[in-house]
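Here the structure comes first, spelled out in structure tokens, and everything after it is commentary.
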Amino acid sequence: MIVTDKFVFVHLPRTGGTFVTDMIMKFFPSAREIGYHLPTSLLPKEYSHLPVLGAVRNPWEFYVSWYYHIWPRDIGKPLFSWLTDNCKEQFEGAIRNALNLGVDNNRLDALIEKLPDAVDYRTRNISNITKDSIRKVHGTGVGYYTFRFNQLFGNADEVFFCRQERLRTDLIHFLEQVCAANDEIRTHILESEKKNTAEHRHYSSYYTPELAELVSIRDRSVIERFGYVFEKAPAANHAQRETIDYQDTSKCHPMAAIP
């Protein structure tokens with residue numbers, strides 16, 4: 001979470017937040033980070049009057065970007081071990097596990113046992129998921145993306161969301177609304193390179209029809225709220241070479257088996 005004297009930015013992972021954060025830190029002298037992926041529920045009262053900025057992404061695309069971002073970086077961490085059944089599952093199996101987060105209580109309990117009771121939000125590159133936060137998912141039927149959205153934004157009625165697919169124009173629009181835009185900022189937003197990207201094909205090529213349908217069920221609330229749909233790749237993209245076609249499981253460091 002970044003706070004400034006004009007607004008607050010809450011960073012949902014894999015939605016373009018690194019780009020937004022870099023822009024804020026560059027152009028707003030009052031900006032400071034008060035917690036890595038800190039949820040709005042923990043926003044200090046002295047900032048509660050400020051408008052809140054967030055970002056969202058098509059859930060089908062989110063899961064692909066998220067998976068290839070945490071592989072192989074997070075191999076030794078509890079969430080990745082849980083997702084992949086200690087590196088036995090690749091994309092399809094891992095994302096099915098993520099989508100069934102709020103459905104399979106036995107697996108969820110196994111994950112809860114491995115999570116911390118509390119996290120230090122001053123520490124970067126952590127999952128920021130505690131036992132208490134994920135216990136709330138029991139019996140909800142929601143997928144991982146919806147869980148994280150709800151965890152970070154709550155009911156989100158007062159949040160201005162930039163959609164990742166039009167991040168730059170939405171960001172400029174928000175800054176204009178809060179009287180924080182100028183020509184230098186607009187130029188920077190429109191011309192700067194993307195940040196912290198994950199390399200992969202068009203997201204649709206990773207999904208079986210059944211897995212794509214499961215996303216539409218588990219993350220229905222976010223999909224309906226923002227009008228997202230599952231889109232096929234443009235014809236030209238089908239020939240694009242994929243640089244991450246497989247997982248080298250020799251890099252895995254299996255943790256204790258999860259029941």
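What follows draws every value from the coordinates through simple rules; no lab data is involved. These numbers come from a predicted model, not from an experiment. In this analysis, Cβ positions are derived from the backbone assuming ideal geometry, glycine residues included, and neighbour counts consider all displayed protein chains.
A few comments on the model shown:
- Extension gain for Thr169 to Leu190 (0.36 nm times residue separation, less C-alpha to C-alpha distance): 6.8 nm.
- Residues of the stretch 26-57 with amide N under 20 Å of a point placed 7 Å along Cα→Cβ from Glu158: 32, 34-35, 37-56
- Per-q log10 I(q)/I(0), the stretch 171-236, q = 0.28 Å⁻¹ (Debye; single scatterer per alpha-carbon; no solvent): -1.13
- When the stretch 95-212 is reduced to its Cα atoms, the Kirkwood hydrodynamic radius in Å: 17.6 Å
- Whole-number D in µm²/s for the stretch 69-134 (Stokes-Einstein; Kirkwood sum over Cα pairs; 10 °C, 1.306 mPa s): 128 µm²/s
- Taking the chain and dividing mean pair separation by its residue count, relative contact order in percent (alpha carbons under 8 Å, at least six apart): 28 percent
- Share, in percent, of DSSP beta bridges within the stretch 2-251 that are antiparallel, nearest 5: 35 percent
- Pairs from the table (Lys131/Lys232; Lys88/Lys131; Lys26/Lys77) lying more than 26 angstrom apart at Cα are Lys131/Lys232; Lys26/Lys77.
- Residues whose amide H falls under 5 Å from that of Phe28, counting only those 5 or more places apart or on a different chain, are absent, with hydrogens built in the peptide plane.
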